[in-house]
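A quick write-up on the structure given underneath.
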Amino acid sequence: MSNTSSINFALINQTINRYVPIPLLLFGIIGNILNIFVFTRQAFRTNICVIYFLASTISDSFSLGIGLATRLLTGFNVDPTQYSSGFCKMRFFVTYYSAYSGAWFISLACVERYLCSSRNVQIRQLVTIKRAYISIIIILIAGFLAFGEQIYCIDINQQLLGAPQSCYQLKRTPGQINLFFSYIPSLRQFTHLHSLSLHRLHSKEILLKIAIELPHIVQLTHLKFDFCCIPDYDETDFELLTINIWNLPNLTHCYFEIHKKRQQSFIIPSKISSSLKYLSINTEQLNWNSINRLLQYTPNLKYLRGHMYSSDDDDNYIGSSFSSLTNLKIIIAAHPSKIISFLRNIPNLYNLDITIARSYLIDGYQWENLIRNYLPKLRKFRLLMKSYSSNTRSMTEEQIDELMNSFRSSFWIDERRWFVQCIGDEHCIRFETVSNSFHSIGNKLPSVFKSTVSQDNIERLYTTTCSISDVQRLDQLIPLKICIPNIYSLTIKYPINDQYWTMIPNLHKVSSLKLDFSTDFPQSELQVFLNRMPHLLRLTIYQDASLPLPMSLFNCTFSSSIHYLYLQNCKHFFSEEDCIILSHSSLTSHCKQLDILVKNRQSITILVNKLTSLCTLRARFTDEEICDISPPIICNNVDDKIILCKDEDILWLTDQLPSTCAISRHPFCVNHIRIWIK
């Protein structure tokens, strides 16, 4: 697949959404109106088949009106499902419910025709109008039971930083794994289980229990550990887990993301797995020797995702041929010669997604030679190379041009149609294949932009940019041609650059906003600014610790669309009085998730009791921070007295809060309290 299609994907998608639904919607509505007009005529009211067709037509009308109409609006950059939680839920429910009902009604009409054509009189007598209406009611009730959960489970969320939020399954229930094992103490009874997925597991005991029972689930084909955080998970435990995984006779897909005390090299068991074909290792590092052994002990591996790090003085790597591997997605920090030597040994590689870290750069001529001579089957190629700090300053414009020109040969432009762009500022220069529809701009507007796509320019970059931060800090003049019309994520610090509004004329799509109150931000200007973002979903507030938080902020009128509020970065610990002020603000009237610093546990009870829309509360006391919140960083020496104190806090909160609240400590930071409100 060429990267040209990736460049224009967003435009093609928008064009399809804008024009294709129009004739479908027009003729669909006209056709359904005519169907209803015909099927409701007096002569057909006793025809059972027509009754089913009428029910199907009505169902399809809802599907057209909700499903196709919203797709049409998306083509004109209007998507209510990104801003309205109610519309998001309704679209999912009505679309699936109506499509399900319409298909069943047509099927019942076919069954009715079949029964009526039977030579058996008793079979023909089964077909009655009463039974037809009963069947329709049963289908409607069954559909509501099947898809009604979407009203609860579907919501708006923004998972990708800088990308527009999407409407999809989001809701989670805390303590699911504990509840599951309270009813089903062992997995051994699931002898025919094919897929097992564990998400955000924090218990070492449960993970060990699963590791021990894995050999009994012999039919398992898919196993996934997704963002599992086990602080005290040691090398012995991990070795037991990998050995039992490699012993599974039918396992084909395995996904590893287990965070622990310190990330070490992935432990390769001394057992050959002939069934494993797809392997993703997101946390443990792979070195040259371990990846050699990994590929030797998984001889049929087709897909590998991982992280490889190697020092320049590690010369013990002896390459082997890995003919089974066809798909490789890897982040690698090694000398270019070692990277090339490693890739030479994967002759059947079809898809390569590689990120080269630590400012190592490989030019287009080297890549061309590698692909032509050693990777003849390669068809999909994504490359990202970054050069940071001192390396960036040492690169002159001539050197950048020289590197970019190495990707302008006929091999890249005509034969493979793989295009490369260079985006950089004073901190970092990125060389990457053109494949992303969305881009993010950091603290500075790009000072360098070059592309091997002839029609590409910096203005085109801005039209596809959806996230921008700290624009107000720019000390350079903003070019008049710059226009960023599709901003979804924004970071603002007062005072705002005077040219700011010429660059970003429209804030209607902004769903994520970060406000920095390191300097005074006049309330009147803030209110005018907030009024321009009617669809704001997430708000994060930053505050300099040396300055008091302006409580007048909460007197502003905020959009009712704000569901996620993050106050942990404002360096202000909320007292009971502060929490009462916050609870009376329009900012929290529809807040579903709140992250906050509090002075005491009484403040937590005020927030839980007064914020009626709140679903999740994450609070930290004024205690000294035990460790960073970042998952890979885990505290090793937490005082037992601190843990005991926190357990007392949880017991106190459990006694004070409603029974619908689930309360726990953060797995990494004991001074963080998490509360889920059902």
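Brief remarks on what is shown
- Pairs, first under 27 Å from T326 (Cβ atoms) in region 380-407, second modelled with pLDDT under 80, C-beta under 6 Å, six or more apart: K380/M1; R382/S435
- Test set (1) of a type outside the set (V, I, T); (2) over 29 Å from N531 (Cα atoms); (3) more than 23 Å from the chain's Cα centre (by Cα); (4) at pLDDT below 85 - S630 fails condition number: (3)
- For S440, the conditions (1) assigned to a strand (DSSP E or B); (2) within 28 Å of the chain's Cα centre (by Cα); (3) at pLDDT 85 or above are fulfilled apart from (3).
- In the set (1) farther than 29 Å from H666 by Cβ; (2) surrounded by fewer than 17 Cβ atoms within 10 Å (Cβ to Cβ); (3) touching a His at 6+ places or on another chain (Cβ under 9 Å); (4) among the hydrophobic types (A, V, I, L, M, F, W, C), the condition left unmet by I272 is number (3).
- Counted as qualifying within region 225-313 are the strands (runs of 3 or more DSSP E) with 1 or more residues that are farther than 29 Å from N348 by Cα, namely 253-259.
- Condition check for I123: farther than 30 Å from V510 by Cα, touching a Leu at 6+ places or on another chain (Cβ under 6 Å) and free of Cβ contacts under 8 Å to residues at least 12 places away in the same chain: yes
- Those helices (runs of 4 or more DSSP H) of region 1-78 in which 2 or more residues are modelled with pLDDT of 80 or more and crowded, with 17+ Cβ neighbours inside 10 Å occupy 21-39, 48-63.
- Note on region 48-62: residues that are hydrophobic (A, V, I, L, M, F, W, C) and within 36 Å of the chain's Cα centre (by Cα) amount to 2.
- Considering (1) surrounded by fewer than 20 Cβ atoms within 10 Å (Cβ to Cβ); (2) farther than 22 Å from K610 by Cβ; (3) in contact with a Phe, Trp or Tyr (Cβ under 6 Å, 6 or more places away or on another chain), the lone condition that Q527 does not fulfil carries the number (3).
- Meets criteria (surrounded by fewer than 18 Cβ atoms within 10 Å (Cβ to Cβ), farther than 30 Å from N457 by Cα and either at pLDDT 90 or above or touching an Asp or Glu at 6+ places or on another chain (Cβ under 9 Å) (or both)) for N569: yes
- Residues located in region 633-678, provided they are in a helix (DSSP H, G or I) and either outside the structural domain of V598 (by TED's automatic domain parsing) or modelled with pLDDT under 75 (or both): D640, K641, I642, I643, L644, C645, K646, D647
- Residue within region 327-342 that is in a loop (DSSP other than H, G, I, E, B), modelled with pLDDT of 90 or more and either assigned by TED's automatic domain parsing to the domain that holds I281 or basic (K, R) (or both) present: no
- Residue ID - modelled with the highest pLDDT, chosen from residues in region 470-486 that are within 28 Å of the chain's Cα centre (by Cα) and closer than 23 Å to N569 by Cα: D470
One line per residue, one yes/no per condition, for (1) aliphatic (A, V, I, L, M); (2) farther than 19 Å from F431 by Cα:
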| position | (1), (2) |
| --- | --- |
| L304 | yes, yes |
| S320 | no, yes |
| K329 | no, no |
| S337 | no, no |
| L349 | yes, yes |
| I354 | yes, no |
| G364 | no, no |
| L375 | yes, yes |
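- Criterion violated by T283 - all others in (1) free of Cβ contacts under 8 Å to residues at least 12 places away in the same chain; (2) buried (at least 18 other Cβ atoms within 10 Å of the Cβ) satisfied: (1)
The values are calculated or read from the model by the stated rules, or taken from the named source; none is laboratory data. Note that the coordinates shown come from a computational prediction; the quantities given were computed from them, not determined experimentally. For neighbour counting, all protein chains shown are included, and Cβ atoms are generated from backbone atoms with ideal geometry for every residue, glycine included.
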